[in-house]
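Here, each number is a calculation from the coordinates, and none is a lab measurement. Remember, predicted model here, so these are calculated numbers, not experimental data. Cβ sites come from the backbone with ideal geometry, for glycine too, and all protein chains shown count toward neighbours.
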Amino acid sequence: MRKNIFFRNDQGQVGIGTLIIFIAMVLVAAIAAAVLIQTSGVLQQKAQSTGTEAIQEVSGNVVIETVIGTRTNSTALNLVQYDLTVKVAAGAGMIDLGQTIITVKNKDSTTALSHGTIANATCFSTAEIRDADDSYTSSTFVINSGDLVKISINATAAGIETAPREDVSFTLTPESGTPVRIGVTTPNSYGIQTVVSLFPVEV
């Protein structure tokens, strides 16, 4: 009697399974690549933005050259006005004084002042001393390398008058860049001077 012998061949099923796994791996790799490309693009944009802001922060400093206090007369007790001479730090770009905030602090109060046409209780004023390229005008208060500008603060109106032996500080916060702070102590006596040099200190 003749027997029929059947053989089971699973090679086709194994091939199909391998193909499915391969396709799945390709899809996963494609999705992962798309996510990585998108993420790298976002990170690149953030890195460029951060780098630009960092450069502005580092290179946007103001240098305070002098600080002068003024009395109304030789017998007045307090300084009623402060005049700061400022310039742009070496390597810095343009700075808009119109967007700068100055915070003045003495033993009694702290006052934040913005730019204005006259110095009063809420504003400081500026005046050009040296400006070779005319970047500073009556409507555009921009300074750059080589410029020198006087900032005037009405101490009486702002409530920040100072008597002898008192501390007063000035913090200039530009629109972009690191805030610059300077602290001074008034002399032991103003003598008969109506104009007193607070910084640099006279010896």
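Numbers at a glance
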{"read-out": "Lys/Arg +1, Asp/Glu -1 at C-beta; the chain dipole; positive extreme among I151, G98, M25", "value": "M25"}
{"read-out": "Per-residue ³J(HN,Hα) for the stretch 188-195, Karplus 6.51 cos²θ - 1.76 cosθ + 1.60, θ = phi - 60°, Hz, x for Gly and Pro", "value": "5, 8, 8, x, 9, 6, 9, 10"}
{"read-out": "Whole-number percent relative contact order across the chain, with pairs defined as alpha carbons under 8 Å at least 6 apart", "value": "23 percent"}
{"read-out": "Long-range lysine pairs (8 or more apart or interchain), the chain, Cα under 26 Å", "value": "4"}
{"read-out": "Spin-label model distance (nm) - A24 vs T194, 7 Å beyond Cα toward Cβ", "value": "9.2 nm"}
{"read-out": "Net charge dipole size for the chain [Lys, Arg +1 and Asp, Glu -1 on Cβ; Debye, nearest 20]", "value": "1420 debye"}
{"read-out": "Along the chain, longest interval not containing exposed chymotrypsin sites (Phe, Trp or Tyr not before Pro), exposed being DSSP loop plus at most 12 other Cβ atoms within 10 Å", "value": "8-203"}
{"read-out": "Inter-centroid distance (Cα atoms) of the stretch 141-198 relative to the stretch 111-133, Å", "value": "12 Å"}
{"read-out": "Förster radius 22 Å - calculated FRET efficiency between E166 and T122 (Cβ-Cβ, nearest 0.05)", "value": "0.45"}
{"read-out": "Gain upon complete extension [A132, N73; 0.36 nm per residue less C-alpha separation]", "value": "17.7 nm"}
{"read-out": "Positive minus negative residues near G183 (Lys, Arg vs Asp, Glu; Cβ under 10 Å)", "value": "+1"}
{"read-out": "222 nm mean residue ellipticity, helices alone, for the chain (DSSP H n ≥ 4; -39,500 (n - 2.57); rounded to 500)", "value": "-9500 deg cm²/dmol"}
{"read-out": "In nm, spacing of pseudo-spin labels at K107 and T185 (7 Å Cα→C-beta vector)", "value": "1.2 nm"}
{"read-out": "More than 25 angstrom apart: percent of Cα pairs within the chain", "value": "55 percent"}
{"read-out": "C-alpha long axis of helix 11-59 to longest principal axis of the chain, angle in °", "value": "10 degrees"}
{"read-out": "Fraction of antiparallel bridges per DSSP, the chain only, in percent to nearest 5", "value": "95 percent"}
